[in-house]
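Undergrad: Quick one: this structure, given as structure tokens, is what I'll be asking you about.
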Amino acid sequence: MALSALTPPAGTPAVTFDSGGERLLGVLHLPAGPGPHPIVVLLHGFPGNERNFDVAQALRRAGYAALVFHYRGSWGVGGSYSWRHALEDTARVVEAVRGDSRLDAARLALVGHSMGGFVALMTAAADPAVRAVASVAAFDMGAAAAGCADPAVRAAYVRDFDGELLPLRGTSGAALVAEMEANGAEWSLASLAPRLAGRPVLLIGTGRDPVTPAETHHHPLVRAFGSHPAAQLEHHLFPTDHALSDHRVELTDTVTDFLDRTLRH
């Protein structure tokens, strides 16, 4: 049957979610057909210049519902921005999509880029009902916090975070670094391996990336996750920059293939 003949037709409704007393804004990419559709929550990074709408559109063409949303304090959403709020907001959104009759709560995956990769892995580790998780150029808060023991590294993080605040509100580079340091041990991604063992995990690293250099943010995760006896790990290292600027098709194909093998049955 041609896709155009399916009902209801594909749609791209704006959606909202309540979290922490604020209204989060999102866009849901629904495929054609009655559903319920497997759902992929796409988590953007800091501050969210790359929101992976190309991946969302490709996933819809492949039959997945794909959600992109903004955290508190970002891109016009009320409240203050923080790493903790991003984690809380994501948990709330995951809870909410499970109550949407158009979506299949039993086939839910998280896919995150950069800080969103951190959020995806942390959220999946805390929620055993998340079926599969993928991180792309994940920013390991624990590793970054450890690096802040060097005053020069810490000052560079403050400076770099300060330079990305235009679409954000209620925070500062110093506040974000302090929050990262205060939660460093809890937010170490390598420590999540036992909690994600037995579930499919996709780790994509970026080899020409000064934001999340692979030797700090990717290779240690691969070793930690791969050494667990129950690991269901797939990993890749693409020779590209932090936004995967010249690997968008390969990124989309890799993520879609991973989801086809983990959410379709």
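Laboratory data are not the source of any read-out in this text; all were calculated from the coordinates shown. Quantities reported herein were computed from a predicted structural model and do not represent experimental measurements. Backbone-built Cβ (ideal geometry, glycine too); neighbour counts: all protein chains shown.
Undergrad: Please report the spacing between the Cα centers of region 191-245 and region 157-177 in Å, no decimals.
TA: Between the Cα centres of region 191-245 and region 157-177 lies a distance of 26 Å.
Undergrad: Roughly how many Å is it from the Cα centre of region 93-112 to that of region 1-79, as a whole number?
TA: The two parts, judged by their Cα centres, are 11 Å apart.
Undergrad: Now a separate question. With labels modelled as points extended 7 Å from the Cα through the Cβ direction, what inter-label distance (nm, one decimal) is found for Ala106 paired with Ala190?
TA: 3.8 nm
Undergrad: Can you sort Val201, Val15, Val255 so the residue with the fewest Cβ neighbours within 10 Å comes first?
TA: Val15, Val255, Val201
Undergrad: Related question: Each residue of region 53-62 in turn: what ³J(HN,Hα) in whole Hz from Karplus with 6.51, -1.76, 1.60 and θ = phi - 60°, glycine and Pro shown as x?
TA: Each residue of region 53-62 in turn: 5, 5, 5, 4, 5, 5, 5, 4, 4, 7 Hz.
Undergrad: Can you work out the Karplus-derived ³J(HN,Hα) for every residue in region 131-143? Use 6.51 cos²θ - 1.76 cosθ + 1.60 with θ = phi - 60°, whole Hz, and x for glycine or proline.
TA: 6, 7, 9, 10, 10, 10, 6, 4, 9, 7, 4, x, 5
Undergrad: With θ taken as phi - 60° and the coefficients 6.51, -1.76 and 1.60, list the Karplus ³J(HN,Hα) couplings across region 85-99 in order, rounded to whole Hz; mark glycine and proline as x.
TA: Values, residue by residue: 5, 4, 5, 5, 5, 5, 4, 5, 5, 4, 4, 5, 5, 5, x Hz.
Undergrad: Here is a follow-up. Pairs of alpha-carbon atoms within less than 8 angstrom and 6+ residues apart define the contacts here; what relative contact order does the chain have, in percent?
TA: Relative contact order of the chain: 16 percent.
Undergrad: Something else about it: If each DSSP helix of 4+ residues adds -39,500 (n - 2.57) and the sum is divided by the residues in the chain, what number results at 222 nm, nearest 500 deg cm²/dmol?
TA: When only DSSP H runs of four or more count, the value is -10500 deg cm²/dmol.
Undergrad: Can I ask one more? Mean separation of Cα pairs under 8 Å and 6+ residues apart, divided by the residue count of region 134-228: what relative contact order is that in percent?
TA: Rounded, it is 41 percent for region 134-228.
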